[in-house]
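Reviewing the structure listed below.
The values are calculated or read from the model by the stated rules, or taken from the named source; none is laboratory data. Only a predicted model underlies this, so the values are computations on that prediction, with no experimental measurement involved. Note that we place each Cβ from the backbone using ideal geometry, even for glycine, and neighbour counts take in every protein chain shown. Accessible surface areas use protein heavy atoms only, side chains included; no ligands, DNA or RNA. Shrake-Rupley method; radii C 1.70, N 1.55, O 1.52, S 1.80 Å.
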Amino acid sequence: MGLLEKRLSSAQIIILGFAAVILLGSFLLMLPVSTQDGQGAVFSDALFTATSAVCVTGLVVQDTATYWTTFGQAVIITLIQIGGMGVVTVAVAVAVAAGKKISLKQRSTMQEAISAPKVGGIVRLTGFILKMTVLIEGIGACIMAPSFIREFGLLKGIWYSVFHSISAFCNAGFDLMGIREKYSSLTYFVEDPFINFAIMALIVIGGIGFMTWDDIKTNRWRLIRYRMQSKVILTTTALLIVIPAVYFFFFEFADAPLAERIWSSFFQSVTPRTAGFNTVDLTLISETGCMVMIALMLIGGSPGSTAGGMKTTTFAVMLSNMVSVFRKREHTHFFGRRISNSTLRDAATIFMMYVSLCLVGGCIISYLEKLPLLTCLYETASAIGTVGLTLGITPELSLVSQGILIALMYIGRVGGLTLIFAAVGGQNVSARLPEEKLTVG
């Protein structure tokens with residue numbers, strides 16, 4: 001194992017780690033004890049569910065509450081926790097708990113996995129992440145417990161509180177509300193302030209990134225001392241919550257009672273990045289509303305977080321670069337700091353990858369299944385953004401189309417650039433070629 005680890009790059013370790021956990025989870029979900037009928041899941045259903053869980057997506061082909069036993073649900077929520085925290089983070093935590101020494105290669109891999117600025121202090125940061133995760137998920141479960149206990153009784157209410165707290169914090173979107181109505185998500189709790197607040201808070205906290213947590217812990221309210229990345233993340237996150245919420249309030253839920261209208265607007269603004277819960281029937285959302293949600297799903301959460309998507313920082317860099325071009329500035333910058341050209345190239349590449357994969361996947365599924373293109377784009381954006389929101393077509397798709405969604409979920413979680421770097425290997429140094437102007441736009 002040590003020799004193999006030395007031969008693999010950090011990117012290769014990350015993608016192989018996720019693949020190994022997905023395969024293990026698939027095997028466990030195929031066991032007879034995992035399903036209500038005692039037959040075990042077929043491989044395609046087990047693989048889809050395990051991929052969706054590890055990639056913290058939430059798309060399902062079988063209703064989580066009615067198809068899987070408590071054991072199967074426990075396997076799913078464990079896969080969600082591992083996928084949300086990151087396979088490398090969990091592996092390092094287990095090694096530390098066992099008293100093993102963490103090698104420099106392992107520290108470097110951990111740094112890449114959580115987007116830390118430096119290797120130094122990475123083990124301490126891992127401990128901080130684990131403690132905060134347990135604390136935040138525990139608080140979330142306690143807030144939701146009264147509502148779930150009132151609805152389902154003491155033991156089931158506690159289990160539901162823990163399950164949904166982990167699922168929301170890890171931005172997974174898996175739910176157990178199918179006992180009311182299959183694939184109904186949280187529509188029965190649209191006006192419950194405790195469920196709405198807890199789920200939204202868990203999604204946002206899990207999605208802002210572990211390094212932002214560290215900034216908040218270290219600097220508290222002294223925002224001027226925050227890293228530039230944390231400032232960009234917090235600012236972009238706030239805008240991506242408020243602006244879509246205003247749209248939903250005035251144009252999508254105008255006929256609902258005021259309290260339900262407010263909760264629904266904010267919830268549907270938060271959940272596309274990238275949690276997958278919903279408190280309203282998404283099939284009633286207008287096409288414009290669907291496009292707004294598709295954009296939010298593709299943007300996703302922040303680097304080094306439990307969320308997927310192209311990331312808020314990528315979106316912010318692309319937006320800032322556009323403003324710089326409009327104003328004829330030579331450089332893109334945030335908060336008095338210049339953004340490097342390599343960052344701009346990476347952001348443009350990631351942006352094009354996510355948009356292209358979403359479009360290509362949606363077009364293929366639309367052609368194969370003879371379904372409206374917008375509906376298929378909604379599913380592919382949900383998959384590549386590791387969101388889990390659906391217009392209801394995923395369980396009915398063919399194996400080929402489900403395979404496309406599996407691939408998109410995996411790419412969305414491990415990261416497109418991570419897969420490319422793993423395949424390419426070391427840095428390719430080429431000669432500096434002559435420059436010539438090319439007209440664009």
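From the residues in region 26-43 that are modelled with pLDDT of 95 or more and closer than 22 Å to Ser398 by Cα, which one is nearest to the chain's Cα centre (by Cα)? So the residue we want is Ser26. Taking into account only those residues within region 251-262 that are of a type in the set (D, E, K, R) and closer than 16 Å to Glu191 by Cβ, which is surrounded by the most Cβ atoms within 10 Å (Cβ to Cβ)? Taking the candidates together, the pick is Arg261. Search region 272-298 for residues being among the β-branched types (Val, Ile, Thr) and modelled with pLDDT of 95 or more, and hand back the single one that is surrounded by the most Cβ atoms within 10 Å (Cβ to Cβ). Looking at residues that are among the β-branched types (Val, Ile, Thr) and modelled with pLDDT of 95 or more, I get Ile294.
Summed over region 194-237, residues that are under 21 Å from Ser265 (Cβ atoms) and either in contact with a strand residue (DSSP E or B) (Cβ under 6 Å, 6 or more places away or on another chain) or assigned to a loop (DSSP other than H, G, I, E, B) (or both) total 1. When region 41-85 is filtered for residues that are farther than 18 Å from Tyr183 by Cβ, touching a helix residue (DSSP H, G or I) at 6+ places or on another chain (Cβ under 8 Å), part of a loop (DSSP other than H, G, I, E, B) and open to solvent by 10 Å² or more (accessible area, probe 1.4 Å), only Thr69 remains.
The sole residue among Ser305, Ser265, Ser269 that is under 29 Å from Ala172 (Cβ atoms), open to solvent by less than 70 Å² (accessible area, probe 1.4 Å), hydroxyl-bearing (Ser, Thr, Tyr) and part of a loop (DSSP other than H, G, I, E, B) is Ser305. Any residue at all in region 311-327 that is within 19 Å of the chain's Cα centre (by Cα), over 24 Å from Ser286 (Cα atoms) and open to solvent by 60 Å² or more (accessible area, probe 1.4 Å)? Within region 311-327, one or more residues are within 19 Å of the chain's Cα centre (by Cα), over 24 Å from Ser286 (Cα atoms) and open to solvent by 60 Å² or more (accessible area, probe 1.4 Å).
Looking at this structure, is Ile203 out of contact with any Pro (no Cβ under 6 Å at 6 or more places or on another chain), open to solvent by less than 40 Å² (accessible area, probe 1.4 Å) and either among the aliphatic types (A, V, I, L, M) or without any contact (Cβ under 8 Å) to a residue 12 or more places away in the chain (or both)? In short, yes. Scanning region 328-358 for residues that are more than 30 Å from Val56 (Cα to Cα), among the aromatic types (Phe, Trp, Tyr) and open to solvent by less than 40 Å² (accessible area, probe 1.4 Å) turns up just one, Phe334. Residues of region 230-247 that are open to solvent by less than 20 Å² (accessible area, probe 1.4 Å) and over 20 Å from Ala198 (Cα atoms): Ser230, Val232, Ile233, Thr236.
Just one of the listed residues (Glu191, Glu181) is more than 23 Å from the chain's Cα centre (by Cα), within 21 Å of Gln73 (Cα to Cα), assigned to a loop (DSSP other than H, G, I, E, B) and of a type in the set (Asp, Glu), and it is Glu181. Taking each residue of region 393-413 that is open to solvent by less than 40 Å² (accessible area, probe 1.4 Å) and looking for partners that are modelled with pLDDT under 90 with beta-carbon atoms closer than 6 Å, six or more apart or interchain, yields Gly412/Gly308; Arg413/Gly308. In the set (1) more than 22 Å from Thr237 (Cβ to Cβ); (2) open to solvent by less than 40 Å² (accessible area, probe 1.4 Å); (3) modelled with pLDDT of 90 or more, Cys142 fails one condition alone, (2).
All of (1) of a type in the set (Ser, Thr, Tyr); (2) at negative phi; (3) open to solvent by less than 40 Å² (accessible area, probe 1.4 Å) hold for Thr386 with one exception: (2).
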